[in-house]
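Undergrad: Here's a structure for you.
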Amino acid sequence: MADDKIDKIIVLDFGSQYSHLICRRIREMNVYCELLPYNTPAKVINDIKPKGIIFSGGPASIYSSDSPIPDGQIFGLGVPILGICYGHQLIVDKFGGKVKRASYREYGSAELFIDDTSDLFDKVGSKIRCWMSHADAAEVLPEGFRTLAHTQNSPSAAVVKTGMNIYGIQFHPEVVHTENGLEILKNFSHKISKARPDWRMECFVEEAIHNIRLKVRNERVLCAVSGGIDSTTVAILLHKAIGSNLSCVFVNHGLLREDEQHQVPKLFKDHFDIDVIYVDAEEVFLTNLKGVSDPEMKRKIIGSEFANSFLKVALKNGPFQWLAQGTLYPDIIESGVSKGPASVIKTHHNVGGLPKDLNFKIIEPLRNLYKDEVRIVAKLLGVPAVLLNRHPFPGPGLAVRIIGEITPKKLKIAKHASRIVEQELLRVGLYDNVWQAYAAVGDDRAVGVLGDERMYGHIVIIRVVDSTDAMTANWTRLPHDLLTDISNRITNEVEGVSWVTYAVSSKPPATIEPQ
Ligand code: XMP
């Protein structure tokens with residue numbers, strides 16, 4: 001944050017999947033919060049002047065030889081500290097207590113008995129359900145520490161170092177499964193750290209514009225737009241920050257939703273007065289993808305072909321020093337390139353797929369935000385409702401919704417059937433209630449009857465999910481009549497389809513896109 005008047009909380013990331021969620025929860029309570037690597041030097045942290053520091057959880061055991069340890073000087077900064085899970089164990093160990101492998105792993109919901117209902121647990125109640133995920137536990141408390149709460153298996157599930165505002169909690173207050181978890185974080189941030197809740201999304205917009213100007217100076221930026229909310233928001237922020245030093249490019253890779261290639265450049269011109277360079281690369285993408293059925297390979301090819309397209313534009317319209325991207329936080333964590341240690345699920349093309357030898361510097365103004373936070377920013381920037389409410393669409397487009405090789409026939413089916421799914425949801429007023437809705441297709445075929453004829457057509461998979469941030473998702477319980485209508489329309493209107501199925505797997509264990 002450039003603005004010193006805004007109070008901040010810092011989260012040090014020890015590798016938990018929830019690290020960023022802690023930041024988000026604190027921001028939801030109107031305090032600016034940023035995630036930093038666990039080994040950020042105390043001097044750097046001191047320069048940021050945080051009101052409080054949170055140590056996240058993490059997969060390591062405090063006793064393993066390579067366990068992540070923060071700069072010891074942090075404890076001397078006089079800033080309140082809250083350790084969560086691994087962070088809790090780290091504090092206990094640091095001050096001379098004993099952490100040991102619990103007699104059995106506590107995972108999931110547990111009952112937390114609060115022994116001190118003031119301070120960190122003010123207005124939380126005397127007994128709550130909390131979310132546990134640990135194998136190690138504090139066994140012997142260091143001198144000067146006392147217990148604030150316990151569970152059946154963790155006698156010191158919450159502790160404080162008296163007089164030093166250093167707290168440790170074994171459970172995760174940031175996840176929804178912990179009752180009144182937000183109240184605990186609020187007590188730490190507002191009451192113990194005394195951070196003023198002055199931060200709003202408007203501050204993010206000002207801050208982002210300010211940072212873009214600082215970073216880019218007089219250099220030129222190429223911004224890839226897809227018509228999705230993320231890249232559109234990035235383009236508008238850049239346009240506001242650097243005006244004509246921004247050029248936007250739209251690459252038609254042939255794997256878009258129906259008619260999208262015409263709608264996007266028109267929207268940018270009509271609504272934001274931004275000219276978009278249109279690249280028709282349909283043929284080259286589809287040719288390069290011929291014969292490829294491995295999902296990660298498809299993503300890599302698309303990533304590198306995007307890079308080629310940008311390079312061509314740069315040669316013709318450049319030079320550009322920067323490439324802007326609409327990367328969001330979930331893209332980063334799922335690609336395994338977050339600031340802490342977490343495992344790779346898919347290579348999102350806008351994160352890991354672009355070749356390293358590209359000569360652009362990368363600017364990603366939204367990389368710390370979740371989708372719903374981007375929607376708020378976009379609304380503040382005047383993005384029209386039709387785009388605001390449009391479902392997210394993956395960068396590699398229909399390539400991740402076509403299982404196996406991408407053929408013209410399967411592409412046609414995916415496009416047409418997806419349009420029907422969207423139309424039907426809009427018709428019954430459910431489109432805005434769901435996170436994403438589309439039709440996928442693979443090579444599986446099934447026998448049907450068309451008139452009196454036997455047909456051996458493709459099986460189309462309808463996928464509709466509810467989610468708030470794409471990190472987890474539930475399959476949507478659509479009304480059966482609606483499913484019947486969708487199925488009938490697809491088999492009647494889309495050539496070469498004999499069966500329609502509905503995907504009833506949630507994330508986890510499935511992902512939202514099949515590839
Ligand atoms: P998964 O399938 O990983 O998807 O559960 C999570 C969210 O990310 C979108 N998605 C992508 N978005 N580039 C993107 O810009 C990608 O490579 C990519 N892959 C998946 C997906 O649509 C869902 O919203």
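Undergrad: Please give the charge dipole size of the range 407-502, origin at the Cα centre, charges +1 on K and R Cβ atoms and -1 on D and E Cβ atoms. Round to the nearest 20 debye. It would help to have the intermediate numbers written out before the result.
TA: Working: 11 positive and 13 negative charges, 55 e Å.
It comes to approximately 260 debye.
Undergrad: Same structure again: Quick check: Cα centre of the range 436-468 to Cα centre of the range 280-317, how many Å?
TA: That distance is 27 Å.
Undergrad: Calculate the length of the line joining the C-alpha centroid of the range 58-93 to that of the range 391-429, in whole Å.
TA: 46
Undergrad: Sticking with this structure for a sec: Determine the equivalent ellipsoid of the range 2-135 by diagonalising the alpha-carbon gyration tensor, then write out the semi-axes as square roots of 5 times the eigenvalues, largest first, rounded to whole Å. Before the final figure, lay out the partial values.
TA: Working: eigenvalues 120, 81, 38 Å².
In descending order, the three semi-axes are 24, 20, 14 Å.
Undergrad: Express as a percent, rounded to the nearest 5, the fraction of DSSP beta bridges in the range 8-192 (both residues included) that run antiparallel. Display every interim value, and only then the final one.
TA: Values: 22 of 39 bridges.
In the range 8-192, approximately 55 percent of DSSP beta bridges are antiparallel ones.
Undergrad: Measure off 7 Å from each Cα along the Cα-to-Cβ vector at Val175 and Asn492, then give the distance between these two points in nanometres to one decimal.
TA: For Val175 paired with Asn492, the spin-label model returns 4.6 nm.
Undergrad: Using alpha carbons only, what's the Rg to Rh ratio of the range 86-229 with Rh from Kirkwood? Mind showing how you got there, number by number?
TA: Details: Rg = 20.3 Å, Rh = 17.6 Å.
Rounded to two decimals, Rg over Rh is 1.15.
Undergrad: I would also like to ask the following. Excluding ligands, DNA and RNA, what is the solvent-accessible area per residue of the chain at a probe of 1.4 Å, expressed in Å²? Don't jump to the answer; show the numbers that get you there.
TA: Details: 22430 Å² over 515 residues.
Solvent-accessible surface per residue comes out at 44 Å².
Undergrad: Moving to a separate point now. Using the alpha carbon gyration tensor of the chain, what are the three equivalent-ellipsoid semi-axes (square root of 5 times each eigenvalue), largest first, in whole Å? Write out the running numbers ahead of the final one.
TA: Values: eigenvalues 392, 167, 80 Å².
For the chain, the ellipsoid semi-axes come out as 44, 29, 20 Å.
Undergrad: Could I ask something else about it? Quick one: angle between helix 295-317 and the longest Cα principal axis of the chain, in degrees between 0 and 90, rounded to 10, please.
TA: 80
Undergrad: Follow-up. Just add up the charged neighbours of Asp294: K/R +1, D/E -1, any other residue whose Cβ is under 11 Å from the Cβ of Asp294. It would help to have the intermediate numbers written out before the result.
TA: Working: positive: Lys298, Arg299, Lys300; negative: Glu296, Glu405.
Spelling it out: positives minus negatives among the neighbours equals +1.
Undergrad: Next question. Using helices alone, I'd like the mean residue ellipticity at 222 nm for the chain: each DSSP H run of four-plus residues gives -39500 (n - 2.57), total over residue count, nearest 500. Don't jump to the answer; show the numbers that get you there.
TA: Details: 14 runs with 159 residues, N = 515.
Helix-only estimate at 222 nm: -9500 deg cm²/dmol.
Undergrad: From the cross-link list Lys240/Lys269; Lys5/Lys161; Lys361/Lys415; Lys43/Lys361; Lys266/Lys379; Lys269/Lys298, which pairs have alpha carbons spaced over 24 Å apart? Kindly include the intermediate steps, with their values, before the conclusion.
TA: On the way: Lys240/Lys269 15 Å; Lys5/Lys161 29 Å; Lys361/Lys415 34 Å; Lys43/Lys361 27 Å; Lys266/Lys379 19 Å; Lys269/Lys298 32 Å.
Long pairs (Cα-Cα over 24 Å): Lys5/Lys161; Lys361/Lys415; Lys43/Lys361; Lys269/Lys298.
Undergrad: Sticking with this structure for a sec: Compare the Cα positions of Ile274, Leu311, Val377 along the charge dipole of the range 201-388 (+1 at Cβ of Lys, Arg; -1 at Cβ of Asp, Glu; about the Cα centre) and return the one farthest towards the positive end.
TA: Leu311
Undergrad: Please compute the alpha carbon radius of gyration of the range 233-337, then divide it by the globular-protein estimate 2.2 N^0.38 Å. Two decimals is fine.
TA: On the way: Rg = 15.0 Å, N = 105, 2.2 N^0.38 = 12.9 Å.
In units of the globular-protein estimate, the range 233-337 measures up at 1.17.
Undergrad: Treating the angle as unsigned and between 0 and 90°, give the value, to the nearest 10°, between the Cα long axis of helix 408-427 and the longest Cα principal axis of the chain.
TA: Long axis of 408-427 versus the principal axis of the chain: about 70 degrees.
Undergrad: Further question on the same structure: Place a +1 charge on the Cβ of each Lys and Arg in the range 1-141 and a -1 charge on the Cβ of each Asp and Glu, then give the dipole magnitude about the Cα centre in debye, rounded to the nearest 20. Could the numbers behind the result be given before it?
TA: On the way: 16 positive and 18 negative charges, 31 e Å.
Once rounded to the nearest 20, the dipole reads 140 debye.
Undergrad: Antiparallel DSSP bridges in the chain: what percent, to the nearest 5?
TA: On the way: 37 of 75 bridges.
Counting DSSP beta bridges with both partners in the chain, the antiparallel share is about 50 percent.
Undergrad: Strictly greater than 22 Å: what percent of every Cα pair in the range 407-502 meets that?
TA: On the way: 1327 of 4560 pairs.
Summing the P(r) tail past 22 Å for the range 407-502 gives 29 percent.
Undergrad: With a 1.4 Å probe and every protein chain kept in, tell me what percent of the accessible surface of the range 143-283 is carbon plus sulfur.
TA: Working: 2870 of 6040 Å².
Its accessible area is 47 percent carbon and sulfur atoms.
Undergrad: OK, next. Remind me, what semi-axes does the range 201-388 give for its equivalent ellipsoid, largest first in whole Å, using sqrt of 5 times each Cα gyration tensor eigenvalue? Before the final figure, lay out each step's value.
TA: Working: eigenvalues 117, 81, 59 Å².
Taking √(5λ) for each Cα gyration eigenvalue gives 24, 20, 17 Å.
Undergrad: How far apart, in nm, are two points set 7 Å out from the Cα along the Cα-to-Cβ line at Thr407 and at Ser109?
TA: Label at Thr407, label at Ser109, 4.8 nm between them.
Undergrad: Of all beta bridges DSSP finds with both residues in the range 407-502, what is the antiparallel percent, to the nearest 5? Before the final figure, lay out each step's value.
TA: On the way: 14 of 19 bridges.
Bridges in the range 407-502 that DSSP calls antiparallel: roughly 75 percent.
Undergrad: Okay, next question. Taking Cα atoms, how many degrees apart are the long axis of helix 260-272 and the longest axis of the chain, rounded to 10 and kept between 0 and 90?
TA: 60
Undergrad: Please work out the C-alpha center-to-center distance from the range 8-29 to the range 186-232 and express it in whole Å.
TA: Using only Cα atoms, the two centres lie 16 Å from each other.
The values are calculated or read from the model by the stated rules, or taken from the named source; none is laboratory data. Since the structure is predicted, the reported quantities are computational estimates derived from the model, not experimental observations. Ideal geometry is used to build each Cβ from the backbone, glycine not excepted, and the neighbour counts take in all protein chains shown. The area values use the complete protein model at the heavy-atom level, side chains included, leaving out ligands, DNA and RNA. Shrake-Rupley method; radii C 1.70, N 1.55, O 1.52, S 1.80 Å.
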